[in-house]
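The values are calculated or read from the model by the stated rules, or taken from the named source; none is laboratory data. Predicted model only: the values in this text are computed from it and were never measured. Here the Cβ is made from the backbone with ideal geometry for all residues, glycine too, and neighbour counts use every protein chain on show. Side chains included, ligands, DNA and RNA excluded: accessible areas come from the protein's heavy atoms. Shrake-Rupley method; radii C 1.70, N 1.55, O 1.52, S 1.80 Å.
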Amino acid sequence: MRKFARFALIWILAVMIAGGVSYGVLYNKIAPVYESTSKLYVIPGKDSEQALRAGSGGLKEDFSIIFKSEIVISEAKSIAGNSEDLASYLTVSSPADSNVIELTVRNPDQNTAKQYVDAIARSACSNAKKVIPVEEISVLQEGTSTGVAIKPDLIKYTAYITAAAAAVIFVIEFIIALIMTAFGKKKDDDEDEYERYYHQKMKISLSGVMMQTQAIRRRKLRMGQR
């Protein structure tokens, strides 16, 4: 039991150290970025309402594909006055049971992130209707500007690395335990050693008590004979 406890304790400590080191390294490696989110409101046509709904009640991934397509991004580049691939900064999502589509852009510069997401939103409103059968798309909220930098996917990557380290450490400890068991000198189990030690102590104590009892009896016999 003690051997297992030592094994578990070493594994836990090693995993904690690996997790801390991974977090520290990734924190320094991952560049901070800023987010800007714009919201669009979509009014589906009467005939296309069901077709545009996903199982969760939100709007389908078709919007994500269209908003990242050349027809939308090319005009967004002109609006933003930039030739970068704006689609690479963009994520598109739709909350369940709503007609709202959220456009989020991440960029190392807060002003650039807002500029890009507003340009994409404007282009989407004018061009997406040419591809998706909707009645109207309008800007519900312009791009936000919080000024708070984030480290994207820091926790996720830390968890991945820590899990991998935990598996590797477990395998290494297991192999070491097998090698020590197979080639190491045979040692008594801790519990067996514990029982033998105290059993021996009990025998010595009982022997001492018996010897004292016999000595008392002899004294009584001598006194009786007198």
Probe 1.4 Å - accessible area at V171, Å² to nearest ten: 80 Å²
Sites D62 and A167, calculated FRET efficiency, Cβ-Cβ separation with R0 35 Å, nearest 0.05: 0.35
Paired Rg and Dmax values of the range 72-149, which use every Cα atom, in angstrom: 12.6, 37
Extension gain from I179 to D153, taking 0.36 nm per residue of separation minus the Cα-Cα distance: 5.4 nm
Linear extension gain, S83 paired with F4, 0.36 nm per residue minus alpha-carbon span: 22.4 nm
Difference of contour (0.36 nm per residue) and Cα-Cα distance, Q214 to Y41: 52.1 nm
Calculated FRET value between S145 and V21, using beta carbons and R₀ = 41 Å, to 0.05: 0.75
Cβ-based net charge around A87, under 13 Å, with every Lys or Arg adding one and every Asp or Glu removing one: -1
Sites K129 and D109, calculated FRET efficiency, Cβ-Cβ separation with R0 30 Å, nearest 0.05: 0.45
Size of electric dipole in the range 98-179: Cβ of Lys, Arg +1 and of Asp, Glu -1, about Cα centre, debye, nearest 20: 140 debye
For A54, net neighbour charge (Lys/Arg +1, Asp/Glu -1) across residues whose Cβ lies under 12 Å away: -1
